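A short worksheet on the structure shown next.
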Amino acid sequence: MKCTRCKKTAAVALPRHNAGFCPECYGVFFSRQVEKAIKERELFSKEDKILIALSGGKDSLALARELQLLGYNIAGLHIDLAIPGSSVKARGHVERFCSDFGVDLHVLEMENEGMPIPEVRKKFNRPVCSVCGRIKRYYFNRFAMDNGFNVLATGHNLDDEAARLFSNVMRWDAAYLGAQGPDLPGDQGFVRKVKPLYRVSEFETANYSFLAKIDYCYAPCPYSKGASFTFYKSLLDELENEQPGRKLSFYEGFLNRGRQAFARIDQEDGEKLCPCPRCGYPTTGEICGICRIREIMHH
Ligand code: AMP
Ligand code: FES
Ligand code: ZN
């Protein structure tokens, strides 16, 4: 196969784009997808101070590398979860990446916050992943707000977003559908949240990271049974094989035509947010979810 752009030998075939690219042109392709997402959804501009949540995996590191190459004002935030055998490795990948490519890095240690994930896991009967996700989102937002970042970017890709949408649709979860998207506006103590990789698949970010010589972490979290939405992802992959381009059109169709309907429902049902009396985080409850977790941890 020949490269669609320059006719050299192609290294990556992309059926949904009806194209193949050599390593160099692949970078151009990827870059255009990310730029298109940023422009079309008005995610951010060169004036914004962007904090990228870096897990050490292929997606968030690819995102940081690409935004850096595009000339955006970025810094990274890694949350060290203190999971034995896993967190040290993930953190190492993030630290090496940031020093190799010259990206400013901030690290928050959950051990220091009194919430190492193995301890949290012992205190809760349900799967720790949802609690852990909550803790991470809290610190992403809090760190951004406290340190003058006005945008928080995560490495969620098209597969993540389409599978989440599929799952929300299967449950017709109106509130979740109203709050899903790559461009969630900030307000009332919440920083703007963006997902600039929503147009590229997991396969495409893996390729990008490989070709960009990014040394990323492969190991999944030892506490999760695998990636989230695994079953929905495999169903969508089957659909994509039969109908190339379906995944993106499903997701974009929702953004362009479905989302507004649910946004209204979300607002009407929405409760008023007040600052948590202990930590100031916006909450609808008496104290926020994280202060409640803290309380449970100390009993
Ligand atoms: P995941 O839910 O593990 O697929 O992660 C989704 C996104 O959340 C990643 O692409 C990162 O941007 C961010 N993220 C996940 N874990 C961490 C972490 N420990 N520290 C910083 N960012 C993270
Ligand atoms: Fe949080 Fe696995 S990353 S429980
Ligand atoms: Zn609180």
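Structure notes:
- Accessible heavy-atom area order of MET170, MET145, MET297, highest first, probe of 1.4 Å: MET170, MET145, MET297
- Peptides 285-291, 195-201 ranked from most to least packed by the mean count of surrounding Cβ atoms within 10 Å: 195-201, 285-291.
- Extension gain for the segment VAL28 to ALA179, taken as residue separation times 0.36 nm less the Cα-Cα distance, is 51.2 nm to one decimal.
- Highest mean first, the peptides 149-156, 29-36, 90-97 sorted by other C-beta atoms within 10 Å per residue fall in the order 149-156, 90-97, 29-36.
- Area projected by the alpha carbon convex hull of the stretch 204-299, averaged over all directions, nm²: 11.2
- Per residue convex hull volume, Cα atoms of the stretch 139-253, in Å³: 144
- With contacts taken as Cα pairs under 8 Å at a separation of at least 6 residues, the chain carries a relative contact order of 20 percent.
- Förster radius 41 Å - calculated FRET efficiency between LYS123 and LYS7 (Cβ-Cβ, nearest 0.05): 0.10
- Computed E for GLU271/ARG134 - FRET, C-beta separation, R0 22 angstrom, nearest 0.05: 0.80
- Cross-link pairs exceeding 30 Å in C-alpha to C-alpha distance, out of LYS136/LYS225; LYS89/LYS247; LYS36/LYS213, comprise LYS89/LYS247.
- Computed from label points 7 Å out along Cα-Cβ, the spacing between PHE231 and ASN73 is 4.6 nm.
- Cα gyration tensor shape of the stretch 197-249, rounded if a/c is under 1.5, else prolate or oblate by comparing a/b with b/c: oblate
- Note on the stretch 137-176: Cα Rg divided by 2.2 N^0.38 Å, N the number of residues, gives 1.55.
- Counting only heavy atoms of the protein chains and using a 1.4 Å probe, LEU108 has close to 30 Å² of accessible surface.
- In angstrom, the C-alpha Rg and Dmax of the chain are 19.6, 65.
- DSSP bridge pairs, the chain: antiparallel proportion in percent, nearest 5: 35
- Helix-derived mean residue ellipticity, 222 nm - over the chain, DSSP H n ≥ 4, -39500 (n - 2.57), to 500: -14500 deg cm²/dmol
- Fluctuation leader among ASN125, ASN207, ASN73 - the chain, Gaussian network, Cα springs under 10 angstrom: ASN125
- Here the extension length gained between ARG96 and TYR223 equals 43.3 nm, from 0.36 nm per residue of separation less the Cα-Cα distance.
- Centroid-to-centroid separation of the stretch 39-81 and the stretch 120-143 [C-alpha atoms, Å]: 22
- Oblate is the label for the stretch 1-95. Its Cα gyration tensor axes, ordered a ≥ b ≥ c, give a/c of at least 1.5 and b/c at or above a/b.
- Gyration tensor (alpha-carbon) shape descriptor, the stretch 90-173, a/c threshold 1.5: oblate
The values are calculated or read from the model by the stated rules, or taken from the named source; none is laboratory data. For clarity, every value in this text was computed on a predicted model and none was experimentally measured. Every residue, glycine as well, gets a Cβ built from its backbone with ideal geometry; the counts of neighbours run over all protein chains shown. These area figures cover heavy atoms from the full protein model, side chains too; ligands, DNA and RNA do not enter into them. Shrake-Rupley method; radii C 1.70, N 1.55, O 1.52, S 1.80 Å.
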